[in-house]
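Worksheet for the structure shown next.
The values are calculated or read from the model by the stated rules, or taken from the named source; none is laboratory data. The structure presented is a predicted model; accordingly, all values stated were derived computationally and were not measured. Methodologically, a virtual Cβ is constructed for each residue, glycine included, from the backbone with ideal geometry; neighbour enumeration extends over all protein chains shown. The protein model used for the area step is the full one, side chains on, heavy atoms only, and it has no ligands, DNA or RNA in it. Shrake-Rupley method; radii C 1.70, N 1.55, O 1.52, S 1.80 Å.
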Amino acid sequence: MVVKSLLLLWCSTSSFLSNNNNNNIFVHSMTEEYRLEQRQKHGFRWPPTVVPNTPGWNRIMSRRFEQISRLNDRNDKWNAWTAIMGSALVTPNYTENGWGLTRAPEHITERLQLRLNRTLLEEGIIDPSGKYTRQEHYIPVIGGEEHARPLMITDGDENRQILNQMKVMFEWWSGIDLKPSIAYGIRAYRNDSNLLMHTDKPSTHVISGIYHVGRSEDAEPWPIVIEDFHGNTNQVYLTPGDILFYESSKCFHGRPQTFIGGYYASLFMHYAPASPDFDGEALRHERDLSVPPHWFVDMQPHEGLDEFEMVGTSFKEPKCKNLLCSLDETNEQSKNTVNWYGPAPTGMIVTNGWDPETMETPKEWVEKGHDGGKRGHGIAHEKVGRDEKDEL
């Protein structure tokens, strides 16, 4: 666990200065020479030991290390190294797989759908051209032209209530005490948009959820993609009322496939560990220190290694279908892709070990009375229903 005593000099993951002398590379207020001294003091070595140290996680990260070593732009290289090292080893994991799928309480889904439908129908925000829309500000990770920028259908008070109320469900999955960070949305993605692969803020977006609220009748299937700790790329096709739990500052996730349809709407929920030992800012500094000494060295192209491109702090593989080689059936990376389909079961958490074809509970879970959570034993869903009467 990273504790507050490890707090280091802040440095940016988005910019640096450099000249021909490698000792004069600066990462904001840290020279590279000073960074390397601190790196050694904190015990970072190359090659690193990934966390968790599973064959699948090693395979994903070893390939990424090779890909980002061949980027040409130094700013892109730094952003790539900090993102990958944070995911690979600095950010701890709290669950076995990094993701899970369950069903939300129906009464909360109905409230969110009421907000969505009232806004879409009464205010006319159903036109993909954007003529009658309130658009989200530009974010590099979200692709598409101006007309494709998402709509934000917000109610801050209700979002905070739902975030507090549903905390018990996220604790059921993660097994740790949590404190609410933020819930934003409802965000309605629109025609021709996509979401590149990325991780989220390590200080606030640790245990997270995508609560799918609704979509237009003409919306084509649009899976959320998440890489897990065993080397799988999971394509999860949510239905309205499903919640995808995920470790969003640890696992790369996105929707790199271009969305086709009127809208696709979800609420995004984020929590951080409540433990006083947790220090997200220290994790950011550790991530910067973990970057290897050779990060700026230009490596020659490697035959058979797929091209990798940074977009801000997100990435894409531009020569592969759907901008991610594991989603391209002609690429060998696709052999590790698993498709999952909602609706999710109520009171159970679908994850690795389930049969993705039948969505049947693993036999050993039935024998042990396991529901997929690390605490609560199936009571979390009902508890949300009881608390709702008192709090909302």
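Can you tell me which residues in the stretch 244-283 are part of a loop (DSSP other than H, G, I, E, B), over 22 Å from residue 342 (Cβ atoms) and under 18 Å from the mean Cα position of the chain (by Cα)?
Listed by number, the residues that qualify are 249, 250.
As an exercise: evaluate residue 138 against (1) open to solvent by 20 Å² or more (accessible area, probe 1.4 Å); (2) modelled with pLDDT of 95 or more and give the number of the one condition it does not meet.
In the conditions (1) open to solvent by 20 Å² or more (accessible area, probe 1.4 Å); (2) modelled with pLDDT of 95 or more, residue 138 misses (2) alone.
Is it fair to say residue 286 is modelled with pLDDT under 95 and outside any loop (DSSP other than H, G, I, E, B)?
no
Can you find, within the stretch 263-299, the residue that is nearest to residue 206 (Cα to Cα) among those that are small (Gly, Ala, Ser) and surrounded by fewer than 18 Cβ atoms within 10 Å (Cβ to Cβ)? Talk me through it step by step, then tell me what you get.
So the first thing to find is which residues in the stretch 263-299 are small (Gly, Ala, Ser), and the list is 265-266, 272, 274-275, 280, 282, 290.
Narrowing the set further to residues that are surrounded by fewer than 18 Cβ atoms within 10 Å (Cβ to Cβ) leaves 274-275.
On the way: 274: 11, 275: 13 Å.
So, considering only residues that are small (Gly, Ala, Ser) and surrounded by fewer than 18 Cβ atoms within 10 Å (Cβ to Cβ), the one nearest to residue 206 (Cα to Cα) is 274.
Take the residues of the stretch 35-55 that are out of contact with any strand residue (DSSP E or B) (no Cβ under 9 Å at 6 or more places or on another chain) and part of a helix (DSSP H, G or I): which is nearest to residue 250 (Cα to Cα)?
Here the residue is 55.
In the stretch 67-126, how many residues are more than 23 Å from the chain's Cα centre (by Cα), in a helix (DSSP H, G or I) and among the polar types (S, T, N, Q)?
Total meeting the criteria: 3.
Applying the selection to the stretch 189-217, what residues are of a type in the set (Ser, Thr, Tyr) and either open to solvent by less than 10 Å² (accessible area, probe 1.4 Å) or assigned to a strand (DSSP E or B) (or both)?
189, 193, 208, 211
Which condition does residue 109 not pass, out of (1) touching a Phe, Trp or Tyr at 6+ places or on another chain (Cβ under 7 Å); (2) at pLDDT 95 or above; (3) among the β-branched types (Val, Ile, Thr), if it passes all the others?
Status for residue 109: all satisfied but (1).
When the residues of the stretch 347-377 are filtered to those that are of a type in the set (A, V, I, L, M, F, W, C) and touching a Pro at 6+ places or on another chain (Cβ under 8 Å), which remaining residue is surrounded by the most Cβ atoms within 10 Å (Cβ to Cβ)?
To start, the set of residues in the stretch 347-377 that are of a type in the set (A, V, I, L, M, F, W, C) comprises 348-350, 354, 359, 365-366.
Next, from what is left, pick out any that are touching a Pro at 6+ places or on another chain (Cβ under 8 Å): 354, 359.
Working: 354: 21, 359: 16.
Ranking the candidates gives 354 first.
Of the numbered conditions (1) outside any loop (DSSP other than H, G, I, E, B); (2) open to solvent by less than 40 Å² (accessible area, probe 1.4 Å); (3) modelled with pLDDT of 95 or more; (4) in contact with a strand residue (DSSP E or B) (Cβ under 9 Å, 6 or more places away or on another chain), residue 344 fails exactly one; give the number of that condition.
(1)
Pairs needed: first member in the stretch 163-188, under 19 Å from residue 374 (Cβ atoms) and assigned to a helix (DSSP H, G or I); second member anywhere, open to solvent by less than 50 Å² (accessible area, probe 1.4 Å) and among the small types (Gly, Ala, Ser); C-beta distance under 6 Å; at least 6 residues apart or different chains.
Sorted first by the residue in the stretch 163-188, then by its partner, the pairs are 168/380; 169/380; 172/373; 172/376; 172/380; 173/100; 173/373.
How many residues, within the stretch 232-248, are among the small types (Gly, Ala, Ser) and buried (at least 24 other Cβ atoms within 10 Å of the Cβ)?
Going through the stretch 232-248, the residues among the small types (Gly, Ala, Ser) turn out to be 241, 248.
With buried (at least 24 other Cβ atoms within 10 Å of the Cβ) added as a condition, the list becomes 248.
Total meeting the criteria: 1.
Please count how many residues of the stretch 310-325 are in contact (Cβ under 8 Å) with a residue 24 or more places away in the chain, open to solvent by 10 Å² or more (accessible area, probe 1.4 Å) and not in a loop (DSSP other than H, G, I, E, B).
Matching residues across the stretch 310-325 total 5.
As an exercise: evaluate residue 356 against (1) touching a residue at least 40 places away in the same chain (Cβ under 8 Å); (2) part of a loop (DSSP other than H, G, I, E, B); (3) over 26 Å from residue 74 (Cα atoms) and give the number of the one condition it does not meet.
Of everything listed in (1) touching a residue at least 40 places away in the same chain (Cβ under 8 Å); (2) part of a loop (DSSP other than H, G, I, E, B); (3) over 26 Å from residue 74 (Cα atoms), residue 356 misses just condition (1).
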